[in-house]
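Report on the following structure.
The values are calculated or read from the model by the stated rules, or taken from the named source; none is laboratory data. Remember, it's a predicted structure, so these values are computed and weren't measured experimentally. Ideal geometry is used to build each Cβ from the backbone, glycine not excepted, and the neighbour counts take in all protein chains shown. These area figures cover heavy atoms from the full protein model, side chains too; ligands, DNA and RNA do not enter into them. Shrake-Rupley method; radii C 1.70, N 1.55, O 1.52, S 1.80 Å.
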Amino acid sequence: MANSSEISYLQQPAKRTFWSIPKAYQDSARGYFLISPPLLYSLVMLAAPLVLVVLLSLWTQNYLELDRTITLKNYVEAVTEPLYGLLISRSLMISGMVTLATVILAYPIAYYVAMFGGKRKSMWLLLITIPFWTSYLIRIFLWKVILGYNGVINGSLMGLGLIEEPLTFILYNANAVVLTLAHAWAPFAILPIYVSLSRIDKSLLEAARDLSDNAFQRFFRVTLPLSMPGVVAACLIVFIPTVGDYVTPKLLGGTDGLMIANMIQIQFGKANNAPLGSALAVVAMFIVAAISISFVLLTRRFLKTKG
Amino acid sequence: MISNSAKPIIEIKNVEKRFGSVTALDGVTLDIKEGEFFSLLGPSGCGKTTLLRIISGFDFPTSGSLYIGGEDMAEVPPNLRPTNMVFQSYAIFPHLNVAENVGYGLKKLKLPKAELERRVNEALALVDLKGFGPRESHALSGGQRQRVALARALIMQPKVLLLDEPLSALDKKLRDAMQIELRRLQQTVGITFVLVTHDQEEALIMSDRIAVMFDGKVSQLDTPEKLYRRPANRRVASFIGVMNFIPAKVVSSNSKSLVIDITAIGKATLDADEQYAAGADITVGIRPEMLTILYSETADDKDSFAATVNARSYYGDMTYYDVRINDTNIHATISMRNTAGRPVLAPGAKTRVSWRPDSFTIIANV
Amino acid sequence: MEKSSRSLLTYVLVYLTFLYAPVFLLPIFAFNDSAIISLPLSGFTFDWFLMLWQTKALHEAFYNSMMIALISASLSTTLGIFAARATSRFEFPGKRGIVGFLMLPLVLPEIIVGVALLVVMIQLGLSLSAWTVVIGHVLVCTPFAIAILSSAFNSFDISLEEASLDLGVNKIGTFFRVILPMVAPGIISSFLIAFTISLDEFIIAFFLTGTDATLPVYIWGQLRFPARLPSIMALGFLMVLLSLLLLLVAEYFRRRSTQFSANSSASNESIL
Ligand SMILES: Nc1ncnc2c1ncn2[C@@H]1O[C@H](COP(=O)(O)OP(=O)(O)OP(=O)(O)O)[C@@H](O)[C@H]1O
Ligand SMILES: [Mg+2]
């Protein structure tokens, strides 16, 4: 008798994703040929310079001369000098806090747009990104205007008679840096979380409801785990660049808000010790890479649900 | 119609195609005749698309050769082959309107504007899309897109038109209509059509000849009628329609006829062009519509057997019965048209079923 | 459900206020008739815009930034086209690794890129100029270009290309008659994104610019002089307007590209 499973299957047109390539084009030579301009550019302009940075970090600066004997002296200094350790750990602390604050504050926004945005999702996303389409520097500076001694907050509070003296704890410290960066990086956290939330199949939530989970359980047992790829991406996207941020600590951080990037800049600038600056950059880069990789490994079990 | 002497337009010789460890085509040899409507039929993954893509030039065989119009195609890229393709997704250029899509391949001929327009309109008229030229292509329905794809390929006046499951994206009604229309169109233009399909009904309706493929091999190449009536083997028989397989024993055999004893049914004399050893075990097949329920337990037909209804499926115009033959454990499927006055038997009902010797066909056990 | 979505909406509105707080201040101080950026407001003036008009250094910085952004966006989009075409249509060993490497600047603190290029320039004894900034900006813009263009190249069905070859048009003709028109919206939005990134980039420019200050470097210099601040507010306000304009143009092209691939199964979500 006819095997019905054989004749009644549905022909699916082949889906073409980033990595599944149609058969006619399995032509690696052409692939290499096409990828070579961007690859060469990155090799010459990024990989080679990075190698040079590592090399430079093994040399030493004697006033105006560069001593090219290989030594770990700079690294020893970078690790033993308490100031550098302090700056690095402060950078990591501040970035960590920024990441946490940004992602936690951003999640409900992404959730709202993805679940309740309806037909106006792109309008909401546009609304969220508009404030970021002006100069980064000016945006950061405006926070100084808001938080400053004669700033908007102090001005309003004193005008309302709520305080007599301007508040001073809101500017020139780590809090100001965290707040400002949480603002500056908001869309970079909202967008990836939004993308992973909007990919969740609504029928999964209905299934959970059908299995009599309440709204709260549904969120923690289905929505949150399924949106983890977006959350992890958001964390990395915010954390990595903020460790190296230079502008915000300089404008709003005061002395106890300065971060490692400011020190690297000083070494390349005023201190005229490029090798030490390179060593600091290398150390910072490796710590950031190590933290990011361990973070990905730790959250790996959430990432299996392909996003 | 196609005479047997028509010369082959496509010759495929021992074509093999491997993708890494997957063998998609495993030594395919076949000829496609000029002017015929040829179908490649087979289950998913049997290599139909691969064969079509080799003919069109988007894939090259791992070994073996392909000739189109007598010319070796080994070094010929798709844009220089005398074939054109109707893609499964239709591949209508979304940035061009209907007329620009249809005229796409003619552009390099640098025809005068009026001539180009005339040919485009002619091609559109051929597929019943007169006046659709200025339409934006994204504003077309599935059936219209399919016609645009057809017109775009036909305007090139190819020697062979290749169609990869062109109807699978259409709904059932439209598909039925397009099957007839495609067949009519092929007869009008006289171009060789090669159709890929996994739908046996579609292949039977439209084709002059069909190649049934399994696992990268051609299992049988025949006319629709031969395929249905005399399937070469068990796989072909069960892929095309429904077939009852019943074991039998050879009683005697000569060069013209064969006497067999069919298990639970009895002796029958069949025409045969092959000789079998007396006493050999063979399998015979019979289609459900070749068995007829007589609606009476006692009816006396020379060639008939007693049957008990085991289950039935009611299809409106038809009823399919699963019956047990002569109280043995051998089952058969029988289809009956629900004509006026014919009752639908309930499971458990006893009846007689008549058959004719020439309805049986011998099935090779491959 | 209703209640929770309403309290969520309240949160969203509070958050939006937080997001918009700095931008709202821009026009206020840009038109405020006081040389000091603080409350209370004193009066209305166009002076700060006039001052922008008269500051020659600003014009030069603006010109430099525009040129750098134009060149960086063109180069990174071109590189992006190569990479996107290679990754969307060809399979080759090491592809993942290569793409990962090309996307690296996305997760590299910009100061590292700046430092690395600075070190090269110093070691090779080359002088810094607008070109060194271009080199750095192409590095950071290319990953964005690749992401946007990959989604453009992937969002159309390969059988469109095959159909063109099938209809007798060769590979070059196919590139210009099918592929390019199909990805044109992606190219434009890649260009615009790269342009805005370059225009706003500060740290790399700060490290690599020689005497040709870019607009952000110029602004950075001005932030130290309180007297200059009101005109910087005016400048910021103009930039918001300009960005909004660019955004609308980009959105227009994105919509068009969505329309093209409306019936392909690939999603239009960009990788970003
Ligand atoms: N590019 C490829 N890489 C690896 N294997 C492939 C490739 N293309 C086809 N195959 C394999 O070759 C075999 C034949 O594929 P083909 O597409 O020709 O099947 P088909 O008969 O057209 O099936 P369907 O009816 O599902 O379209 C399948 O097993 C398929 O997985
Ligand atoms: Mg197929």
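Laid out as a table, the results:
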item	result
Which of A:ARG301, B:ARG324, B:ARG352, B:ARG287 is most accessible, then next, and so on - probe 1.4 Å	A:ARG301, B:ARG324, B:ARG352, B:ARG287
Calculated FRET efficiency for the pair A:LYS119/A:GLN217, C-beta based, R₀ 25 Å, to 0.05	0.30
Proximal aspartates and glutamates to B:LYS249, defined as alpha-carbon separation beneath 19 angstrom and excluding residues fewer than eight positions away on the same chain	B:ASP261, B:ASP271, B:ASP273, B:GLU274, B:ASP281, B:ASP303, B:ASP358
Residue-level accessible surface for A:GLU206, protein heavy atoms, 1.4 Å, Å²	120 Å²
Centroid-to-centroid separation of the stretch A:77-97 and the stretch B:247-284 [C-alpha atoms, Å]	93 Å
Solvent accessible area, Å² - C:PHE46, 1.4 Å probe, full protein context	130 Å²
FRET efficiency, 1/(1 + (r/R0)^6) with R0 56 Å, evaluated for C:TYR63 and B:SER44 via beta carbons	0.35
Dipole moment magnitude, nearest 20 debye, the stretch B:1-94 about Cα centre, only Lys, Arg, Asp, Glu C-beta charged	220 debye
Computed over the stretch B:244-363, Kirkwood Rh from alpha-carbon pairs, angstrom	14.9 Å
Rounded FRET efficiency, nearest 0.05, which uses the C-beta distance separating B:GLU136 from A:LEU157 and R0 of 60 Å	0.50
Karplus (6.51, -1.76, 1.60) ³J(HN,Hα), θ = phi - 60°, over the stretch B:33-41, in Hz, Gly and Pro reported as x	8, 4, x, 8, 9, 10, 10, 9, 10
Label zone at B:THR298 (point 7 Å along Cα-to-Cβ), backbone N below 17 Å, the stretch B:334-364	B:350-353
Expected 222 nm ellipticity per residue - DSSP helices of 4 or more, -39500 (n - 2.57), all of the protein assembly as shown, to 500	-16000 deg cm²/dmol
Cα-based Lys pair tally, chain A, threshold under 20 Å, eight or more apart or on separate chains	8
Under Karplus coefficients 6.51, -1.76 and 1.60, residue-wise ³J(HN,Hα) of the stretch C:191-206 in Hz, glycine/proline x	4, 5, 4, 4, 4, 5, 4, 5, 4, 9, 6, 10, 5, 4, 4, 4
Percent RCO, i.e. relative contact order, over chain C, from Cα pairs under 8 Å lying at least 6 residues apart	31 percent
The stretch B:244-363: relative contact order in percent, alpha carbon pairs under 8 Å with at least 6 residues between	28 percent
Whichever aspartates and glutamates have a C-alpha closer than 15 Å to that of B:LYS108, once near sequence neighbours (fewer than 8 apart) are set aside	B:GLU100, B:GLU117, C:ASP166
Table column - 3J(HN,Hα) (Hz), the stretch B:206-214, Karplus curve with 6.51, -1.76, 1.60, x for Gly and Pro	8, 8, 7, 9, 10, 9, 8, 10, 9
Relative contact order for the stretch B:13-162, counting Cα pairs under 8 Å that sit 6 or more residues apart, in percent	23 percent
For the protein assembly as shown, radius of gyration divided by Kirkwood radius, i.e. Rg to Rh on alpha-carbons	1.10
Rounded to 5, the percent of DSSP beta bridges in the protein assembly as shown classed as antiparallel	80 percent
Euclidean distance of C-alpha centroids, the stretch B:130-184 and the stretch A:136-200, integer Å	60 Å
Centroid-to-centroid separation of the stretch A:241-269 and the stretch C:153-180 [C-alpha atoms, Å]	50 Å
Point-to-point label distance, B:ARG184-C:ARG6, nm (Cα→Cβ direction, 7 Å offset)	6.3 nm
Taking the C-alpha atoms of the stretch C:49-141, convex hull volume expressed per residue in Å³	135 Å³
Listed residue pairs exceeding 25 Å between alpha carbons, taken from C:LYS95/C:LYS171; B:LYS217/B:LYS256; B:LYS107/B:LYS173; B:LYS48/B:LYS110	B:LYS217/B:LYS256; B:LYS107/B:LYS173; B:LYS48/B:LYS110
